[in-house]
1. Starting from the stretch A:82-105, keep only residues that are over 22 Å from residue A:37 (Cα atoms), then list their pairs with residues that are of a type in the set (D, E, K, R) whose Cβ atoms are within a distance under 6 Å, requiring at least 6 positions of separation or different chains.
2. For residues in the stretch A:180-232 being without any contact (Cβ under 8 Å) to a residue 40 or more places away in the chain and in a loop (DSSP other than H, G, I, E, B), which is nearest to the other protein chains (Cβ to nearest Cβ)?
3. Tell me, which residue of the stretch B:252-270 that is in contact with a Lys or Arg (Cβ under 7 Å, 6 or more places away or on another chain) and of a type in the set (A, V, I, L, M, F, W, C) is nearest to residue B:154 (Cα to Cα)?
4. Do you know which residues across the stretch A:252-271 are within 14 Å of another protein chain (Cβ to nearest Cβ) and farther than 18 Å from residue A:165 by Cβ?
5. For the stretch B:47-83, give me each residue that is out of contact with any Phe, Trp or Tyr (no Cβ under 6 Å at 6 or more places or on another chain) and part of a loop (DSSP other than H, G, I, E, B).
6. Report yes if residue A:91 is modelled with pLDDT of 95 or more, touching a Ser or Thr at 6+ places or on another chain (Cβ under 8 Å) and over 17 Å from residue A:264 (Cβ atoms), otherwise no.
7. Is it the case that the stretch A:16-33 has a residue that's part of a loop (DSSP other than H, G, I, E, B), under 23 Å from residue A:228 (Cβ atoms) and not hydroxyl-bearing (Ser, Thr, Tyr)?
8. Output the number of the condition that residue A:177 fails; it satisfies all remaining conditions of (1) open to solvent by less than 20 Å² (accessible area, probe 1.4 Å); (2) within 11 Å of chain B (Cβ to nearest Cβ); (3) in contact with a Ser or Thr (Cβ under 8 Å, 6 or more places away or on another chain).
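The values are calculated or read from the model by the stated rules, or taken from the named source; none is laboratory data. Just so it is clear, the structure is predicted and the values come from calculations on it, not from any experiment. FYI the Cβ positions are ideal-geometry reconstructions off the backbone, even for glycines, and counts take in every protein chain you see. Ligands, DNA and RNA are excluded from the accessible area calculation, which covers all protein heavy atoms including side chains. Shrake-Rupley method; radii C 1.70, N 1.55, O 1.52, S 1.80 Å.
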2 protein chains.
Amino acid sequence: MITQEYVHGYTDRETQRLQEQSLILEELLHSGTSYPVGSRVLEVGCGVGAQTLILLRRNPGIRLTSIDMSEESLRKAKSSVENAGYKNVEFRHENVFDDKFEPGLYDHIFICFVLEHLEQPVEALKLLMKLLSPGGTITLIEGDHSSGKWNPETAASRAAWDGLVISQQMLGHDPNIGNRLQALMCEAGIDRLRVEPLEVYADQSVPDILDGAINQIIAPMVYSAEKHILEKDLVEPGIWKQGLKDLSAVASDPRGTFFYSWFKGQGARSD
Amino acid sequence: MITQEYVHGYTDRETQRLQEQSLILEELLHSGTSYPVGSRVLEVGCGVGAQTLILLRRNPGIRLTSIDMSEESLRKAKSSVENAGYKNVEFRHENVFDDKFEPGLYDHIFICFVLEHLEQPVEALKLLMKLLSPGGTITLIEGDHSSGKWNPETAASRAAWDGLVISQQMLGHDPNIGNRLQALMCEAGIDRLRVEPLEVYADQSVPDILDGAINQIIAPMVYSAEKHILEKDLVEPGIWKQGLKDLSAVASDPRGTFFYSWFKGQGARSD
């Protein structure tokens, strides 16, 4: 049904990447998403808790349940949240596909960067919709690697990026899922839905954003798949190394640009 | 220096495509661009006058000069503008690279979908900046075909799209120029500049926009390069035909999505 394989791995460097990324992208991704005090929110695939902390800070007084398939990630998430002093979250080691949740229990569901790592995203959405109370909402945020574009683009940097994409596709997952969100939500029977692209464009007029996007998000994200990529011979090691270097150099190049679109889908249970 | 070759050709169908496209994209592209009554505005590469009409309607009382290298396009532009009753525009048959304009004569310069068709866009920008009065502004709008993305994407529809891109690149032009605007403007010595992406995303939640984007802009745009593409054997004729069909079918597919980013660059002469 669902594989435990995860293209980005579970290293400390990757934990740091996820936390830094979440802060840089917070306004872009969370803007417009707010939950009333007392509402029961389910976060699916919380990982190391990067989005969990933001949900708790931006939505005081919610009753949050955050689940993940990785016990190691849950431990990190729990530790971050305890360090930040939040008490209103329960962490559970769960797999959505086990279908063990009580139907209609949650007012809102939040899923960020998770569907891209599933083999059966539509099935997951169908199961999740049953967990919502009538009128409850679901919010999905996913990337679209096919929108990723930078300048100067060298053959090596494109090969490194494609290595990440192919490596994720070889697991049966879809790194370009963002631009299919509307179709997936329709197939899952979610109505009252709306999908919008959320884009980052950066050039040397905003050097800090360009550097953050390249060196705190994108280059470490590509790097996180190194093990899979080199083991499966997806990219020749010399080109891989050069590609990471070229990608990182975009941030300091006077011609440097970076463009990427995430997609946010929002739907509601109508019955 | 500059070639007269133009990938989209000069047919009546293409004239209609340019006019329909300009109306669909008007808010997206022109929003935030306005010129005071009495200001002297130069439109470079007005073509058949699709943007000219919008400039005249949105900026009453400007003194507009619209130039183009094609006499045939200028005749069409002049006829459209006369039919609409505008008197405040002078059409001139000019090539920017001939450098025959008086320096400092214009308060504002507007260029839309033109740099992508030049072999030397930076040189063109340098020449144009000399024509601005001190404090004068320049506004550039260009597409980025590398951002073009649709679902369902078939091999044939991607091949047809790539045929357009390669055919334009074979002329020495750059259909992906949008994401390089900031770098080109820097190289041309333009300061006080700002570049922003302007994106269209459409799916079946907005079927009219999806249909307009696909069947009034994108499919006819790809089709406009048919002559070059088939003559140069860039795409096998059967695949070409299927590709156009598949592209058009996106608009009526329940999973249909379309995504594209234009870029708008604005700069000012500071001395």
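1. Filtered contacts from the stretch A:82-105: A:93/A:71.
2. Here the residue is A:205.
3. Here the residue is B:259.
4. Correct list: A:252, A:253, A:254, A:255, A:256, A:257, A:264, A:265, A:266, A:267, A:268.
5. Across the stretch B:47-83, the qualifying residues are B:47, B:48, B:49, B:60, B:61, B:69, B:70.
6. So residue A:91 passes the test.
7. No.
8. (3)
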